[in-house]
Amino acid sequence: LGVERVYVIIRPKGPFGADERFTREVASSPCLSGLPGEWTNAVEVVTGSLGAPGLDLDPARREAITARATHVVHAAAAVDFGLPLVEAARSNVETTLNLLELARACRSLRRFVSVSTAYVTPHTGNGVPIEETLAPLPVPADELYRSILDGRAVENELLARTGHPNTYTLTKSLAEHLVVARRGEVPLAIVRPSIISASRRHPFPGWIDSIAGFASFVILLGMGQMRAVIADPDARLDIVPVDDVVSRILLACQSSEPNGGAPVIRHAVAGLASSATVYECWEQIRDFFTTHRIDYQPSVTYMGPPGVRFALADALHHRPKGLWAPRARRGKMQARVAQLNAAFPYFTRRSFAFRAAVPLDDGFDPHRYVAQVCSGVYRHVLGRDDTGWLLAGRRHRGHRGDARWVGRQPHGSPMIRATAWASTKVLRRSFERVTVDLDSFRAARAAAPDDSPLVIVPSHRSYFDFVLCSYLFFARPDLGIPIPYVAAATEFGRIPVLGRVLNALHAFYVARGPRRENKELAHRVHAILRAGKTIEFFIEGTRSRSRAFLSPKRGLLRCVQTYGKTCTLLPVSITYDRVPEEASFARELAGAPKPPMRLGALVAWTQRALRGKIDLGRVHLACGEPVQLGPHSDVHAVSRDVIARLEDGTVTTTYHLRTFLAAHPIDGVDVKWLRRAIEQRGGRVLDSTLASPSDLHPLTAASYKYQFAHLFRGDHPSDDRVRRLLEVLFGSGYPGATGGVGQAEPAA
């Protein structure tokens, strides 16, 4: 844009001056985090007040601005629908006129841009076009403005005459008329946004830092705090991304007519055809916050006009003593619900047909955008983190009926739904929490070409690995990863009853050991991929008894490769506090033979879990960067890449650190120090409340080092504590060991 300097006029507030407010409220915003370093050097903060004559500017600062400024953008307003008429006029009209005078004094001015609102034009009927022209007023603007300032205007009567729903839209309309009438030679542009919400693309999708407007509905409906809404379900809400509004403002700045040219008025709107209905917005909010549960389950029992039915629903759900009023609804929350149902029906019961000379691009999907707003509010307003989304476990708030939840999911056969229901029960009883780094899955899915078959490649530590990925993709269809067909050893297929059940759950069987080409297996794999399905297999072949990553098995990789199309491998790292097989793994590491698979053992363990006799702590899933497997790929290199990314995605929990250090104390190293050392090397440590058992086998405690040892591979001692830790992790022959990924199972 060729901008050399930006002057920002900020009024002091309370104990904070203009500079401190800029630092605290503007410069620290995440939306500016992607700017080049030292960007604030191009910004000059100016102390002033738009409501004061001359803006209360220091004379020297005023002279610098009027001598150099080429554009003036006025985006300040009091967006309060309930503001008294005189106060609203001072905030929205007087400030605009004061800033117009500053613009008039700018000797190099190219454009004065005033940001208004698309709702300055009163609604005259659904589908009636609203043009980019001044909205009519019943009396001349000057006369109307004087009557407001001298107290002659009666608010309710004036709003009834003009057709405006509130003092905000009325005073914005009045400001437009007056700035057009008084502009003189000032080149003027007016930009009219509709309902501004989260960013669509820039600075990153979903950025939002305000609870005003639509975000309030998202929060209150999403938290289950608002259950009766005055609205027309079929009315279309014109919600426009904030970055698209900014684009319209910049476009207005760049357009330039000769002095005295006609003012330009531009709508910054989605448009009727690109606006979702109120009910469609509610569906997106409900679906998002059903999976991202914050408070109560989202539920709307009434959506319609005001009247007896609304009053009844309002009393039942929105009053402190209402029969079904959530306990959290008190004070500010209750007042906010009442405010929305009082101030917003004008917008939620009408469809506005704004005409725009510069419409949104054809790629705008209003339904997808509303879901993006929900995600932005969830993260940036409510402060929730999708890197640890709660999928299941005792900490999960539940689904208000597991059977109803599995029945509502869009994908899955009856057998898959029944298994998901049973898995929900088992996970709730045996794990404190099952968490997922959703961002990693979204990033991996976005990086995969649309036409590339997907292959899920998880780490393999437990029989639970067969369940967790499928359960995640069943619960979160929005990730865009179909429930996979899972490769299992032929021993599973020979287990009575279970073999047939697993087959109905998308399992297909693979014989261990033989290195020769298996044409029947290749035919099965190719048929699954040809049908557009997803495959899952364990590249380590068998479960790692020691938690160390095993040397990759390449048979299924070669089988997938012969399909002839480039496939995308998604490495999924699954981290457990404890696994159910821990005791038998320790015995096998000590030299005992591997026990045969028996249905009875599985049934007995499940019964114990359902009785609450099993506590495995937490489990966490994360997806690594995708790996491409093409017809001409080096399968050995691909397998090493997959193992490396599985290792990179493995996390550590505080349970692992406590238990490992209890079994292997290191002088000067405690959990806090070790956690910091891991995080400094790019690792992640999750909190766990699981207590270290007193009877844990020493080999099991020693195996926990493989949750984080890879982060120290190739490290060099920087102090005695690091040296002692490295000796415990890699042996006394260290320093500087540079072992590779993938190895044989360590012996006792």
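The values are calculated or read from the model by the stated rules, or taken from the named source; none is laboratory data. Every value quoted in this text rests on a predicted model; they were computed, and no experiment measured them. With ideal geometry, Cβ positions are generated from the backbone for all residues, glycine too; neighbour counts draw on all protein chains shown. All accessible areas refer to the heavy atoms of the entire protein, side chains included, with ligands and DNA or RNA removed. Shrake-Rupley method; radii C 1.70, N 1.55, O 1.52, S 1.80 Å.
The set of residues in the stretch 560-617 that are among the polar types (S, T, N, Q), open to solvent by 60 Å² or more (accessible area, probe 1.4 Å) and either closer than 27 Å to VAL497 by Cβ or within 34 Å of the chain's Cα centre (by Cα) (or both) comprises THR566, GLN607.
Scoring TYR369 on the criteria (1) over 28 Å from PRO233 (Cβ atoms); (2) part of a helix (DSSP H, G or I); (3) hydroxyl-bearing (Ser, Thr, Tyr) leaves a single failure, condition (1). Are any of the residues in the stretch 557-573 farther than 20 Å from THR652 by Cβ and touching a Lys or Arg at 6+ places or on another chain (Cβ under 7 Å)? No, the stretch 557-573 contains no residue that is farther than 20 Å from THR652 by Cβ and touching a Lys or Arg at 6+ places or on another chain (Cβ under 7 Å).
Let's see how each residue does on (1) over 25 Å from ARG558 (Cα atoms); (2) among the acidic types (Asp, Glu); (3) modelled with pLDDT of 95 or more:
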| site | (1), (2), (3) |
| --- | --- |
| ARG400 | yes, no, no |
| GLY412 | yes, no, no |
| ASP437 | yes, yes, yes |
| ASP450 | no, yes, no |
| PHE466 | no, no, no |
| TYR471 | yes, no, yes |
| PHE474 | yes, no, yes |
| ALA487 | no, no, no |
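For the stretch 441-465, the set of residues classified as touching a helix residue (DSSP H, G or I) at 6+ places or on another chain (Cβ under 9 Å), part of a helix (DSSP H, G or I) and open to solvent by less than 20 Å² (accessible area, probe 1.4 Å) consists of PHE441 only. When the stretch 185-202 is limited to residues that are open to solvent by 40 Å² or more (accessible area, probe 1.4 Å) and assigned to a loop (DSSP other than H, G, I, E, B), the one that is farthest from SER375 (Cα to Cα) turns out to be GLU185. Criterion applied to ALA527, ALA507, ALA522, ALA487 was being aliphatic (A, V, I, L, M) and touching an Asp or Glu at 6+ places or on another chain (Cβ under 8 Å), and the one residue passing it is ALA487.
Among the numbered conditions (1) within 26 Å of ALA702 (Cα to Cα); (2) touching a Ser or Thr at 6+ places or on another chain (Cβ under 6 Å), the only one that VAL619 does not meet is (2). Restricting the search to helices (runs of 4 or more DSSP H) fully inside the stretch 1-111 and requiring at least 1 residues that are in contact with a helix residue (DSSP H, G or I) (Cβ under 9 Å, 6 or more places away or on another chain) and open to solvent by less than 40 Å² (accessible area, probe 1.4 Å) gives 59-68, 85-89, 95-105. Would a scan of the stretch 249-258 turn up a residue that is on the phi < 0 side of the Ramachandran plot and within 26 Å of the chain's Cα centre (by Cα)? No, there is no match, as no residue in the stretch 249-258 is on the phi < 0 side of the Ramachandran plot and within 26 Å of the chain's Cα centre (by Cα).
Checking each residue in the stretch 125-154 for being touching a residue at least 12 places away in the same chain (Cβ under 8 Å), assigned to a loop (DSSP other than H, G, I, E, B) and within 45 Å of the chain's Cα centre (by Cα) picks out ASN126, GLY127, VAL128, GLU131, GLU132, THR133, LEU134, ALA135, LEU137. Every condition in (1) farther than 22 Å from GLN707 by Cα; (2) surrounded by 17 or more Cβ atoms within 10 Å (Cβ to Cβ); (3) touching an Asp or Glu at 6+ places or on another chain (Cβ under 8 Å) is met by LYS425 except one, and the failing one is (2). Among the residues of the stretch 273-320, those that are of a type in the set (A, V, I, L, M, F, W, C), open to solvent by less than 60 Å² (accessible area, probe 1.4 Å) and assigned to a helix (DSSP H, G or I) comprise VAL278, CYS281, TRP282, ILE285, PHE288, PHE289, PHE310, ALA311, ALA313, ALA315, LEU316.
In the stretch 648-656, the condition of being acidic (Asp, Glu), surrounded by 20 or more Cβ atoms within 10 Å (Cβ to Cβ) and under 19 Å from LEU550 (Cα atoms) is met by no residue. Hey, can you tell me all the residues within the stretch 329-364 that are open to solvent by less than 60 Å² (accessible area, probe 1.4 Å), touching a residue at least 24 places away in the same chain (Cβ under 8 Å) and more than 23 Å from PRO165 (Cβ to Cβ)? The answer is ARG329, MET333, VAL358, LEU360, PHE364. Scanning the stretch 642-683 for residues that are in contact (Cβ under 8 Å) with a residue 60 or more places away in the chain, part of a loop (DSSP other than H, G, I, E, B) and within 27 Å of the chain's Cα centre (by Cα) returns THR650, VAL651. For the residues SER247, SER199, the requirement of being among the polar types (S, T, N, Q) and touching a strand residue (DSSP E or B) at 6+ places or on another chain (Cβ under 7 Å) singles out SER199. Kindly indicate whether any position in the stretch 547-557 is out of contact with any His (no Cβ under 6 Å at 6 or more places or on another chain), more than 20 Å from ASP465 (Cα to Cα) and either open to solvent by 40 Å² or more (accessible area, probe 1.4 Å) or at pLDDT 95 or above (or both). No, there is no match, as no residue in the stretch 547-557 is out of contact with any His (no Cβ under 6 Å at 6 or more places or on another chain), more than 20 Å from ASP465 (Cα to Cα) and either open to solvent by 40 Å² or more (accessible area, probe 1.4 Å) or at pLDDT 95 or above (or both).
Take the conditions (1) modelled with pLDDT under 95; (2) under 34 Å from the mean Cα position of the chain (by Cα); (3) small (Gly, Ala, Ser); GLY51 misses just one of them, which is (2).
In the stretch 589-609, the residues that are under 20 Å from THR700 (Cα atoms) reach residues that are open to solvent by less than 60 Å² (accessible area, probe 1.4 Å) and among the charged types (D, E, K, R) with C-beta atoms within less than 7 angstrom, at least six apart or across chains, in these pairs: LEU589/ARG545; LYS594/GLU588. Residues satisfying the criterion are absent from the stretch 244-252 (criterion: of a type outside the set (Lys, Arg), open to solvent by less than 20 Å² (accessible area, probe 1.4 Å) and outside any helix (DSSP H, G or I)). Taken over the stretch 130-152, the residue count meeting the criterion of being of a type in the set (S, T, N, Q) and either open to solvent by 90 Å² or more (accessible area, probe 1.4 Å) or over 15 Å from THR171 (Cα atoms) (or both) is 1. The residues in the stretch 684-720 that are outside any helix (DSSP H, G or I), closer than 26 Å to THR387 by Cα and open to solvent by 20 Å² or more (accessible area, probe 1.4 Å) can be counted, and the count is 6.
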